[in-house]
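*Asks:* Could you have a look at this structure, given as structure tokens, before my questions?
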Amino acid sequence: MGNPKAAPFLFPQPYPVRKRGDSERKAHIDNPFPLWEPIEVRVISRGTIREFAAQHPDALHPLLHWAKAAEASSWQTPADLRSTFNSADFVEDLTVFNIGGNKYRLIAFVQYQREIVYIKAVLTHKDYDKGTWKR
């Protein structure tokens with residue numbers, strides 16, 4: 001097991017949260033009572049990013065940049081998402097993000113009400129064009 005300080009993206013820290021009507025109060029993500037709501041978007045399954053980056057090391061920095069930009073955002077609608085990532089495409093109920101100058105594609109399901117992004121797959125452009133990710 002590696003040093004957590006060497007790779008902070010492997011061990012995400014609890015994100016800031018607020019109680020309705022109380023923007024000053026904070027709590028940890030593992031609070032047993034779900035009375036809190038996230039301030040920003042939460043990215044689920046960074047493991048998918050890690051696995052893809054292990055096979056394609058040049059994709060690591062663009063993927064981390066995408067994750068940081070997503071987590072710093074607040075999306076209530078697809079228009080809000082487009083204001084952050086104007087090249088995002090919407091395919092049925094999935095969102096496709098261009099990563100690394102359109103060299104890679106990140107496919108995710110975005111739940112706007114909860115501000116959560118579930119990563120379905122990260123693919124090279126060639127694998128994306130095959131279309132097997134739609135199944």
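*Asks:* Within the range 77-104, restricting attention to residues that are free of Cβ contacts under 8 Å to residues at least 24 places away in the same chain and part of a strand (DSSP E or B), which residue is nearest to the chain's Cα centre (by Cα)?
*Replies:* Checking each candidate, the answer is Thr95.
*Asks:* Could you tell me whether any residue of the range 58-76 is touching a Gly at 6+ places or on another chain (Cβ under 7 Å), touching a residue at least 60 places away in the same chain (Cβ under 8 Å) and either under 23 Å from Thr132 (Cβ atoms) or crowded, with 16+ Cβ neighbours inside 10 Å (or both)?
*Replies:* For the range 58-76, residues touching a Gly at 6+ places or on another chain (Cβ under 7 Å), touching a residue at least 60 places away in the same chain (Cβ under 8 Å) and either under 23 Å from Thr132 (Cβ atoms) or crowded, with 16+ Cβ neighbours inside 10 Å (or both): present.
No lab work stands behind these numbers, since they all come straight from the coordinates. Keep in mind that this is a model prediction, so the values were computed, not measured. All Cβ positions, glycine included, derive from the backbone under ideal geometry; neighbour counts span all protein chains shown.
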